[in-house]
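Shown next, in structure tokens, is the structure this report addresses.
The values are calculated or read from the model by the stated rules, or taken from the named source; none is laboratory data. Note that the structure is predicted; figures quoted are calculated from it, not measured. For neighbour counting, all protein chains shown are included, and Cβ atoms are generated from backbone atoms with ideal geometry for every residue, glycine included. Accessible surface is based on the protein model in full, side chains and every heavy atom, while ligands, DNA and RNA are left aside. Shrake-Rupley method; radii C 1.70, N 1.55, O 1.52, S 1.80 Å.
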Amino acid sequence: MNSQTWRDAGKQTLPVMFGYLPLGAAFGIVAIEVGIPWYAAAAMSIIIYAGAGQFLATTLLAAGAGLTEVAVATMMLNSRHVFYGLSLLKRFQGAGWRKPYMIFALTDETYSLLTSQQAYTHALGFRVSLLNHLWWFSGTLIGIAVGSAQLFNSQGIEFALTALFIVLTLEQARRLKQALPFAIALATGLGAVLLLPDRHLLLGAIGSASLLLLAHYRHDQRREKRHAH
């Protein structure tokens, strides 16, 4: 294996590690507190691997929800990954045996890193995806140990998810140096908060933002064609 590629991947995933370790620990602690067995919590971080989805599933299971309700709620929450996957179809072409895992491991943070890479390769993308998964699983194991030992008051620890999204947004803004995508995200997010019920808020905001960005892209394409002629 190329050690330089592993070093590059480790360097890129370092900010995610600082978010995933405490956030994964938060999930582990919460899972233990609501009565989920440690092995089930660990398996969720391997098989499901969806931060917000895991927190949601844990909360619903603790409230006595059925598996069907949990599945539907999780699908709605993670429906944004459909848009992530569509935007990476060309980038993942030729990935070979790595492709199924890279699709499975496409979290918000991994998507942010993969789309920000200046010199993307499938080898680097695979290692970034794998390391991010490792950070999340390691954090979960830490949380399971801490939660089982009941070492401290965990109230408010779930805010790590919000903090991580803020850091990644600032990093994307610094690299892209384009105001339009973030202005659209802000506008559609506020619009969804004001106009939509909570259960449709995330999907409505992402769908609206995607449609606006697609319209902007098509407008740019038509303008380039006019200039070409």
### Accessible area per residue in Å² at 1.4 Å probe, computed on the chain
59
### Task
Would you mind checking the tilt of helix 38-47 against the longest principal axis of the Cα atoms of the chain, expressed as 0 to 90 degrees and rounded to 10?
10
## Note on the structure
Counting as exposed only trypsin sites (Lys or Arg not before Pro) in DSSP loop states with no more than 11 other Cβ atoms inside 10 Å, the longest exposed-site-free span of the chain is 1-89
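Can you check what the net charge comes to around residue 85, using other residues whose Cβ is under 12 Å from the Cβ of residue 85 (Lys, Arg +1; Asp, Glu -1)?
+4
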### Angle between the chain longest axis and helix 67-77 axis [Cα atoms, degrees, rounded to 10]
40
### Query
Among 68, 169, 107, whose mean-square fluctuation peaks in a Gaussian network model of the chain (Cα, cutoff 10 Å)?
68
### Task
Give me the percent of the accessible area of the chain that comes from carbon and sulfur atoms, probe 1.4 Å, all protein chains in place.
67
